[in-house]
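Notes for the one structure printed next.
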Amino acid sequence: MEFARVAVPVRLPGLFDYRLPAPVTDSASAERLPGRMCRVPFAGRELDGVIMEIVDRSDIPVEQVRTVLEIDEDLPSLPKSWRDLVRFVSDYYHEPLGEVVALALPAGWTARRKRWYAPRPLPSSSSPASNGAPRLTAEQQSACAQVPDAGYGATLLQGVTGSGKTEVYLSLIARTLAAGQQVLVLAPEINLAEQLHRAVSARLPQVDSRLVHSERAKGDIARAWLAALQGEAKVVVGTRLALFAPLSELGLIVVDEEHDASYKQQEGVRYHGRDMAVWRAHLLGIPIVLGSATPSMESYRHATSGRYRWARLPSRVLAPNLPRITCIDTRREQLDGGITPTLRAALEQRLARAEQSLVFLNRRGYAPVMHCRFCGWLADCRHCAAHLVFHASDRRLRCHHCGAVQSLPRACPDCGNQDLQLTGRGTQRLEAQLAALFPTARIVRVDRDSHRRPADWAATVRALERGEADLLVGTQMLAKGHDFPKLTLVGIVDADSALFAADFRGPERLFAQLMQVAGRAGRAHLPGEVMVQTGRPDHPLYAALLSQDYDLFAREELSHRQRAGLPPYSFQALLVADAPALDDVTDFLARAAESARRIASAAVMVYDPVPMRLARRAGRERAQLLIESEHRPALQGFLREWVTALHGQRLRRSGLRWRVDVDPLEF
């Protein structure tokens, strides 16, 4: 008798055995079943799952094994390489395979829903004929030559902003398509994914390319998956969600802005899209390109050690020079609403010349703190250990962590004082200040409050291209990948707020952010200038920024990390837990730490449980336990045994939830 081992979308480890239904009990039919969608009975419900393998015996008594209800013979079978990918994600991140499969499959890809089968009209030809490809520079040609035509090889494409990394991607994509293979292109954010998809469609209009991200309709994503699986879609572009697209003839993977933390999923299965893309390329034996102006410390170390190929684009394509960067010492200049006289004068000059400027502040809202100066009351979130942020657009207080909204109080709830104060500034307050300073300027604010949908961003881009805006005010949404030819000045406000972050990755993220946003200036024939307002202009990070020397910064940062034994010179995992009551969290983590110390070898360090930086979120208390090792195999071996023990623990009925986060980026 043969049994189907099925991945079921539940938070329980392992696969579940089911009998095959009578029509497919013969061996010839059973060989076609791995990778098929099926519907099975589970704990009083009917659930969709994926048949991962067929076995001839089960560890469960035969009389207790239930039967598969339905096998979808219409949907193509998910290939072995796809099943190997989700197995590896499950094994590496120590998450139940069923949960990984549920994450990896698009909504609607089930054994019963077929509404999305209607085919989308395809281009008239799948030829990779190029539409007006520009001649590559010598640097771009050299970069392309370093990426192998076939066989596994990871290449770090490090290019300054405006150096034409996208042109390198497009050239490599065309080369891969000409060889009859498919391409996967990943971007960290929806706007960048859509921008890259437009570039592919414009350059290769006869090629069937598909766009995959969370804002797309479920049917569109499911159709894209089917087209990829059947070999019709030649290029799939998307966010980390697209990592799992079942491209049956994949020949190249491109990861743009590879350093971006958005590739790491922070909820549910906490996988890293870039890292798993590298593993997928290794599994398939195909090249992968990791592009960035400011590579992650992990990728930079791999490149300098020779593990990755290292292609560099040190020059801009259109602009003759990089923008000039200067620091404005806020200890010596009086701030007027967050703007120094020097920055104000520079903005006035650009307005007089009909050029565009960007004022960058990575904090949305109007003011981050509302307080009473008489009694000390603070407007705090009732559900989180965080302050509420005042939003002037609707005159509400909002929590940026749980989304809670409160009405604006007319007086202090504690003492009745009606003169409540607003401290600090966000993009809304900065926008109002700039409007007061420059009443005739056309100002556009770009943040998650003003641009909630991809269509909002597309409208802003069109307005900028038509010259309908003079001043941009925005957050990190503006920092990456965008090209505005008339933008010649970038002013960075409150740059020091992240300079001394508690997270050891704070300097890396700040430097990357500043370099990226500085790169928006002077990308065409007009020279660019960047002004950074700081109270610590002598800090080493700013010294590297002024010289625009990422290598100097990276070498210094890696040296600090090595001395401290921090990643990428060590490997980490977090056990994070949350519950309505703090005692339940601390009790669980204390028992988990005790079992960890019994299991851990000398190569694995187990730290004490501590509260998370945001100790309460959405009404749940949160704490964490850090595990660290200098050797990845030692850490993984420990985690396999420890996570099994954690699943075996009896939990109180306290609503406690826990997850293991391997290679964490947030603490």
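Here's the yes/no breakdown for (1) of a type in the set (S, T, N, Q); (2) under 28 Å from L422 (Cβ atoms); (3) free of Cβ contacts under 8 Å to residues at least 12 places away in the same chain; (4) surrounded by fewer than 21 Cβ atoms within 10 Å (Cβ to Cβ):
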site	(1), (2), (3), (4)
V269	no, no, no, yes
R274	no, no, no, no
A293	no, no, no, no
S299	yes, no, no, no
R307	no, no, no, yes
L322	no, no, no, no
D336	no, yes, no, yes
R344	no, yes, no, yes
L351	no, yes, no, yes
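Can we say W377 is out of contact with any Ser or Thr (no Cβ under 9 Å at 6 or more places or on another chain) and either of a type in the set (V, I, T) or modelled with pLDDT of 90 or more (or both)?
It is true that W377 is out of contact with any Ser or Thr (no Cβ under 9 Å at 6 or more places or on another chain) and either of a type in the set (V, I, T) or modelled with pLDDT of 90 or more (or both).
Can V254 be described as under 19 Å from the mean Cα position of the chain (by Cα), part of a loop (DSSP other than H, G, I, E, B) and either buried (at least 23 other Cβ atoms within 10 Å of the Cβ) or outside the structural domain of S450 (by TED's automatic domain parsing) (or both)?
No, not satisfied.
Test T342 against the stated conditions and say whether it is of a type outside the set (A, V, I, L, M, F, W, C), outside the structural domain of A245 (by TED's automatic domain parsing) and modelled with pLDDT under 95.
Numbers: of a type outside the set (A, V, I, L, M, F, W, C): yes; outside the structural domain of A245 (by TED's automatic domain parsing): yes; modelled with pLDDT under 95: no.
Considered against the rule, which asks whether it is of a type outside the set (A, V, I, L, M, F, W, C), outside the structural domain of A245 (by TED's automatic domain parsing) and modelled with pLDDT under 95, T342 comes out as no.
Of all residues being over 29 Å from the mean Cα position of the chain (by Cα) and of a type outside the set (K, R) in the stretch 393-412, which is modelled with the lowest pLDDT? Just the residue, please.
In this case the residue turns out to be D394.
With the condition being within 19 Å of A293 (Cβ to Cβ), I'd like the strands (runs of 3 or more DSSP E) fully within the stretch 429-541 carrying at least 1 qualifying residues.
Working: elements: 443-446, 471-474, 487-492, 529-534.
It comes to 471-474, 487-492, 529-534.
Which of (1) in contact (Cβ under 8 Å) with a residue 40 or more places away in the chain; (2) within 26 Å of the chain's Cα centre (by Cα) is the odd one out, the single condition V461 does not satisfy?
Every condition holds for V461 apart from (1).
Can you name the residue in the stretch 491-513 that is surrounded by 23 or more Cβ atoms within 10 Å (Cβ to Cβ) and over 18 Å from the mean Cα position of the chain (by Cα) and, of all such residues, is nearest to L552 (Cα to Cα)?
Applying the filter and picking the extreme gives A495.
If the requirement is being surrounded by fewer than 18 Cβ atoms within 10 Å (Cβ to Cβ) and in contact with a helix residue (DSSP H, G or I) (Cβ under 8 Å, 6 or more places away or on another chain), which of these qualifies: P21, P76, P41? Write out each step before concluding.
Working: P21 fails: in contact with a helix residue (DSSP H, G or I) (Cβ under 8 Å, 6 or more places away or on another chain); P41 fails: in contact with a helix residue (DSSP H, G or I) (Cβ under 8 Å, 6 or more places away or on another chain).
Only one candidate qualifies: P76.
Got a number for residues in the stretch 269-287 being assigned to a strand (DSSP E or B) and closer than 18 Å to V89 by Cα?
Total meeting the criteria: 1.
If you scan the stretch 585-633, which residues turn out to be part of a loop (DSSP other than H, G, I, E, B) and farther than 19 Å from P568 by Cα?
Within the stretch 585-633, A600, S601, A602, D608, P609, A618, G619 meet the criteria.
Yes/no per residue for (1) at pLDDT 95 or above; (2) in contact with a Gly (Cβ under 7 Å, 6 or more places away or on another chain):
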| residue | (1), (2) |
| --- | --- |
| Q141 | yes, no |
| A145 | yes, no |
| T155 | yes, no |
| G164 | no, no |
| I173 | yes, no |
| Q181 | yes, yes |
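For the structure I just gave you, tell me whether A354 is out of contact with any Phe, Trp or Tyr (no Cβ under 8 Å at 6 or more places or on another chain), part of a loop (DSSP other than H, G, I, E, B) and aliphatic (A, V, I, L, M).
Judged against the criteria, A354 is a match.
Does R563 satisfy being without any contact (Cβ under 8 Å) to a residue 12 or more places away in the chain, charged (D, E, K, R), farther than 16 Å from P295 by Cβ and in a helix (DSSP H, G or I)?
It is true that R563 is without any contact (Cβ under 8 Å) to a residue 12 or more places away in the chain, charged (D, E, K, R), farther than 16 Å from P295 by Cβ and in a helix (DSSP H, G or I).
Pull out all pairs, ordered by first then second residue, where Cβ-Cβ is under 7 Å, the residues are six or more apart or on different chains, the first lies in the stretch 171-194 and is closer than 26 Å to R453 by Cα and touching a residue at least 60 places away in the same chain (Cβ under 8 Å), and the second is of a type in the set (D, E) and surrounded by fewer than 24 Cβ atoms within 10 Å (Cβ to Cβ).
Going by the 7 Å Cβ cut-off, the qualifying pairs are I190/E215.
If C415 satisfies all but one of (1) within 25 Å of the chain's Cα centre (by Cα); (2) assigned to a loop (DSSP other than H, G, I, E, B), what's the number of the condition it fails?
The one condition C415 does not meet is (1).
So which residues in the stretch 408-419 are surrounded by fewer than 12 Cβ atoms within 10 Å (Cβ to Cβ) and closer than 16 Å to A367 by Cβ?
D419
Looking at this structure, is D419 acidic (D, E), more than 20 Å from G619 (Cα to Cα) and not assigned by TED's automatic domain parsing to the domain that holds R620?
Values: acidic (D, E): yes; more than 20 Å from G619 (Cα to Cα): yes; not assigned by TED's automatic domain parsing to the domain that holds R620: yes.
In short, yes.
Restricting the first residue to the stretch 146-169 and requiring it to be buried (at least 22 other Cβ atoms within 10 Å of the Cβ), which pairs with a second residue that is acidic (D, E) and not in a helix (DSSP H, G or I) meet a Cβ separation below 8 Å and a spacing of at least six or different chains?
Taking only residues 6 or more apart or on different chains, the pairs are L156/E258; G162/D483; K165/D256; Y169/D256.
The values are calculated or read from the model by the stated rules, or taken from the named source; none is laboratory data. Not measured: the values here are computed from a predicted model. No Cβ is skipped: glycine too gets one built from the backbone with ideal geometry, and neighbour counts run over all protein chains shown.
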